[in-house]
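As structure tokens, the structure follows; a few thoughts come after it.
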Amino acid sequence: MRNTARRAAALGLTAAAVCGPLTGAAVAAPGAAPSSLYAPSALVLTTGHGSDAATATPERAVTLTCAPTASGTHPAAAAACAELRGTGGDFDALKPADDVWCNKLYNPVVVTVQGVWQGKRVSYERTFGNTCVRDSVGGGVFAF
């Protein structure tokens, strides 16, 4: 039941983030020029303690929109979008910062990403050893 509620919440936030800006386009006149030259990039990121998304309870969720400008509830939206653009939207390519030292205390934290990146559907999950390791990866993409 907890997993179903989590997925429903993530899908609802994703739908709002992706479809919200499109509501005006549905009433546009036929043959009208597109309202944007950018492919949509709207994501919902969640984090929670646990070893995987199926067993972890989401503790925090943020939205991140990167096109045409960085926005959303992510505390460092511009930096997160720049980092993701640098990897082409590949979350596995995000590396830990060299100047951050984290302890080895194992307290797993899982991060999920749902949404659209440059017009393509994204569904991503990653487990980190602890919050320090999570926050050091990707220049703050997961630090929220």
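The values are calculated or read from the model by the stated rules, or taken from the named source; none is laboratory data. The shown structure was predicted, so the numbers you read here are calculated from the model rather than taken from an experiment. Backbone-built Cβ (ideal geometry, glycine too); neighbour counts: all protein chains shown. SASA here: full protein model, heavy atoms, side chains in, ligands and nucleic acids out. Shrake-Rupley method; radii C 1.70, N 1.55, O 1.52, S 1.80 Å.
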Before I look further, what does segment 65-142 give for accessible area per residue, probe 1.4 Å, in whole square angstrom? 53 Å²
Karplus 3J(HN,Hα) series, Hz, for segment 131-144 with 6.51 cos²θ - 1.76 cosθ + 1.60 (x for Gly, Pro): 5, 4, 5, 4, 5, 7, 7, x, x, x, 4, 9, 8, 9
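Quantify, in whole percent, the carbon and sulfur part of the accessible surface of segment 58-107 (1.4 Å probe; protein heavy atoms only). Write down the numbers at each step before the final one.
On the way: 1720 of 3210 Å².
The C+S portion of the solvent-accessible surface of segment 58-107 is 53 percent.
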Can you tell me the length gained on complete extension of the stretch Ser71 to Ser123, counting 0.36 nm per residue apart and subtracting the Cα distance? 16.7 nm
For the pair Asn130 and Ala93, how long in nm is the line joining their label points, each one 7 Å along Cα→Cβ? 3.1 nm
Thr65's amide H: which non-local residues (gap 5+, or another chain) put their own amide H closer than 5 Å, with H modeled 1.01 Å from N in plane and none for Pro or chain starts? Leu43, Ser71, Gly72
Note, segment 42-57: 3J(HN,Hα) by Karplus (6.51, -1.76, 1.60, θ = phi - 60°), whole Hz, Gly/Pro = x, goes 9, 10, 10, 10, 10, 9, x, 7, x, 8, 7, 5, 5, 10, 8, 8
